[in-house]
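What follows is calculated from the coordinates using simple rules that are stated; it is not laboratory data. Every value quoted in this text rests on a predicted model; they were computed, and no experiment measured them. Methodologically, a virtual Cβ is constructed for each residue, glycine included, from the backbone with ideal geometry; neighbour enumeration extends over all protein chains shown.
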Amino acid sequence: MKQLLVDYTIFEVSPKIISESESRNNGKVIVTGVLQRAEAANQNGRVYPKEILEREVEKYSKREIKENRALGELDHPESSVVNLKNVSHNVKKVWWNGNDVIGEVEILPTPSGNILKELLKSGVTLGISSRGMGSVEQIEESGQVRVKDDFELVCWDFVSNPSTHGAFMYPKGINESVENVVENKYKRVEQIVGDILCDLTCKCSLPKRKI
C-alpha cells in the first residue's frame, strides 16, 4: 500500500551566495545543492534504488520542470498535493553527480519564499526534503527498508528539521547538549521568522532587523 514518503538532506548554502545570486540575477535568488541521494540509507533507514530515482527524476524534469511548475513548499504538509499558498521555490534544473541528485532552485518572491530567503541569509541551517508516494520493503537483516518500484516523486520542500531526531551534525567538543542546541536553534528560527513577518507586513516604528 502506498504511503507518503518524506526524506531529508541538509542543503548547504552560505549567506554570501544568496547576496551574490541577487546581484548576478537581477534580484532573483538561485541556489544549487544536493536534493537527494540514491543507494544510501537516509536518516529513516530508507534506501532509494538508483534506477527508481532516475526514472522519477527524469519524469519530473520532462514534466514539472519543463512546464515551469516544479514547485515546493516551506515545511512539509501532511499531503501529497503542493499547496500554492505555501509555495517558496521552483526547481529549474536537475542532474546527476554519481548517486547524488543535484538541483538548481529559484527562491520565489512569495511570502514563504521571502521567509526562506531571509532564513538562508541569516545563516540558518535548513534542509531539502523529498516528498513522494510509494511503498517499501524490508531489507533482510539490515534494519533498513528499500523503496519499491511504485514510488512517485511529488516535489522537494525546504524544511527546518530532519525527518528523524539527531540527524543534524554538531562540531566535536560542543559544550551544550544536543537538546539545548536544538532548542536554541528553534528559538532563533522563530525570532527570525517573526522579524521577517514584521518587515513584510507591519507598518510599525520598530527598528528593522539587520541581515
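Net charge in the neighbourhood of Ser88 (other residues with Cβ under 12 Å of its Cβ; Lys, Arg +1, Asp, Glu -1) is -3.
Beta bridges assigned by DSSP with both partners in the stretch 3-173 are antiparallel in approximately 95 percent of cases. Note on Arg55 and Asn68: the extension gain reaches 2.8 nm, defined as 0.36 nm multiplied by sequence separation minus the Cα-Cα distance. Sequence-distant contacts, meaning Cα pairs under 8 Å at least 6 residues apart, place the relative contact order of the stretch 3-173 at 32 percent. The packing ranking of peptides 118-124, 62-68, highest mean first, is 118-124, 62-68, where packing means the average number of other beta carbon atoms within 10 angstrom of each residue.
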